[in-house]
Amino acid sequence: MFKIQHNQISSTIKGISYEGLSVTTPDGKPAKLAIIDAEGNIIDAGPDVAAVVWNVTIESYRNLMIGQGHLKVWSSPPPSPFDLGAKQEAAKGKKKCGTPAPGEEIKDELQKDAAPK
C-alpha cells in the first residue's frame with residue numbers, strides 16, 4: 001500500500017497494487033476522483049477516473065524505469081537462467097574438427113567401466 005499525506009490537500013489518496021487508487025475524506029469517508037474543467041464543471045468522476053489515473057501512473061513509472069535501464073521489456077517471456085545455463089553447457093560440449101570436447105574421453109571411459117560385463 002502506498003499512502004502519502006500531502007500538506008496541500010486534506011483528503012487521503014491511497015494506492016494498493018492489486019486494488020488501484022482510492023480516496024477518503026479527512027473524516028475517513030469514501031470519496032471520488034474527478035476531472036473538473038476551468039469553469040468548475042465535472043467532466044468525469046468515479047472509479048473509471050481512478051482506474052485511468054492509476055494506469056497512467058503505472059505506465060509513466062514503467063517508462064521511467066525503462067529509460068533508466070532498470071526495467072526491460074520483452075516481446076515474449078525472457079529465457080530462464082536455467083535454459084541459459086543448459087545452452088552454455090551444450091555449447092561447451094560441441095565437438096570441433098572431429099576431436100572430443102574436454103572431458104568426453106573420461107565420460108566414455110566411465111560409461112565403459114559401468115557397463116555390465
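Values quoted throughout were computed directly from the atomic coordinates according to the rules given, and no laboratory measurement underlies them. This is a predicted model, so every value here is computed, not measured.
Each residue of the stretch 22-33 is assigned a 3J(HN,Hα), and the resulting list reads 9, 10, 10, 6, x, 8, x, 7, x, 9, 10, 7 Hz, derived from the Karplus form 6.51 cos²θ - 1.76 cosθ + 1.60 (θ = phi - 60°), x at Gly and Pro. Extension gain, TYR61 to ASP37: 0.36 nm times the residue separation minus the Cα-Cα distance gives 6.0 nm.
For ALA31, the residues whose modelled amide H falls within less than 5 Å of its own, excluding neighbours fewer than 5 places apart on the same chain, are VAL23, THR24, THR25. Net length available on complete extension from LYS14 to SER80 is 20.2 nm, with 0.36 nm assigned per residue and the Cα-Cα distance removed.
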